[in-house]
1. Less than 15 Å Cβ to Cβ from Val87, Lys/Arg counted +1 and Asp/Glu -1: what total charge do the surrounding residues give?
2. Can you compute the helix-only [θ] at 222 nm over the chain? Use -39500 (n - 2.57) per DSSP H run of at least 4 residues, normalise by all residues, nearest 500 deg cm²/dmol.
3. Sticking with the crude label model, points 7 Å out along Cα→Cβ, report the distance from Ala115 to Ala137 in nm, one decimal please.
4. For region 48-102, state what percent of all Cα-Cα pairs lands in each successive 10 Å bin, counting from 0 Å until the bin that includes the largest distance.
5. So, counting K/R as plus one and D/E as minus one, what does the shell of residues with Cβ under 13 Å around Val121 add up to?
6. Please calculate how many Å² of accessible area the chain carries per residue, with a 1.4 Å probe and no DNA, RNA or ligand atoms counted.
7. Separation between the Thr103 and Ala88 pseudo-spin-labels, each 7 Å from Cα along Cα→Cβ, expressed in nm?
8. What's the carbon and sulfur percent of region 48-159's accessible surface, probe 1.4 angstrom, rounded to a whole number?
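The values are calculated or read from the model by the stated rules, or taken from the named source; none is laboratory data. The shown structure was predicted, so the numbers you read here are calculated from the model rather than taken from an experiment. In this analysis, Cβ positions are derived from the backbone assuming ideal geometry, glycine residues included, and neighbour counts consider all displayed protein chains. Only protein heavy atoms, including side chains, enter the accessible area calculation; ligands, DNA and RNA are left aside. Shrake-Rupley method; radii C 1.70, N 1.55, O 1.52, S 1.80 Å.
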Amino acid sequence: MSSDTLLARHAEALALFTDRVHAVGPGQWGDPTPCAEWTVRDLVNHLTAEQLWVPPLLDGASIADLGDSLDGDVLGEDPVAAWDAAVAAAREAFGAPGALKRTVQLSYGPTEAGAYASQMVSDAVVHAWDLSRAIGADEHLPAALVEFTLREVEPYAGTLSGTGLFADPVETPKDADAQTRLLAQLGRKV
C-alpha cells in the first residue's frame with residue numbers, strides 16, 4: 001500500500017472517531033461501552049493516549065523512555081479539546097516526510113512505522129463503532145475502512161482473545177457483511 005493511501009485511511013479513521021467524540025453528550029461520558037469495564041470517557045482517553053504516543057515514538061523515543069507519562073487521565077477538563085489536539089499532533093507526525101519509513105519501538109519490539117500506522121487506523125475504526133454504540137450514534141462504518149481493517153486484523157484475529165484485551169470471537173452467519181465479520185472477529189456482537 002502506498003504511503004498516500006495509508007495516510008488517507010489514517011485521516012479517515014481519525015475523522016470518523018473525531019465525529020463520534022464531538023457527538024458525545026454532556027451526560028454520556030460515564031456511560032458504558034462495548035469494551036468491558038470502559039466508560040465513554042475511558043474509551044476516548046485510551047484513543048487519545050494512543051495518539052499522544054505517536055509523535056515521540058516516531059521521533060525515536062521508546063516506551064521505556066516515556067515511562068508512565070501517558071498513563072492515567074490525559075483528557076483533563078475538556079475531553080474534546082484534548083482529543084482534537086492529540087489527533088492533530090499524530091496526523092502531523094505520521095505525515096512528516098519519511099515518517100512511515102521509520103522504525104518505532106513498541107512494547108513487542110521494533111516495528112515499521114507504516115505497520116504502526118495501520119494498527120492505529122484499525123484501532124480507531126473499531127473503537128469508532130464502540131463509541132457509536134455507546135452514545136447511540138450511527139454505527140455504520142465506511143466500507144473502505146472496514147476492508148482496510150479486515151485486511152489488517154485477519155492474520156492475527158484468532159490470537160487476540162488470548163491476550164486478555166479482546167473478547168472471544170462471535171459467530172456470524174455465513175452471509176454476514178464485512179463490518180459484522182470484522183466486529184465479530186474482535187469479540188463484538190452487532
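1. Neighbourhood net charge equals -4.
2. Calculated at 222 nm, the ellipticity per residue is -18000 deg cm²/dmol.
3. 3.1 nm
4. Here the calculated profile for region 48-102 is 24, 50, 24, 2.
5. -2
6. Per-residue accessible area for the chain comes out at 49 Å².
7. Output for this residue pair reads 3.4 nm.
8. 53 percent
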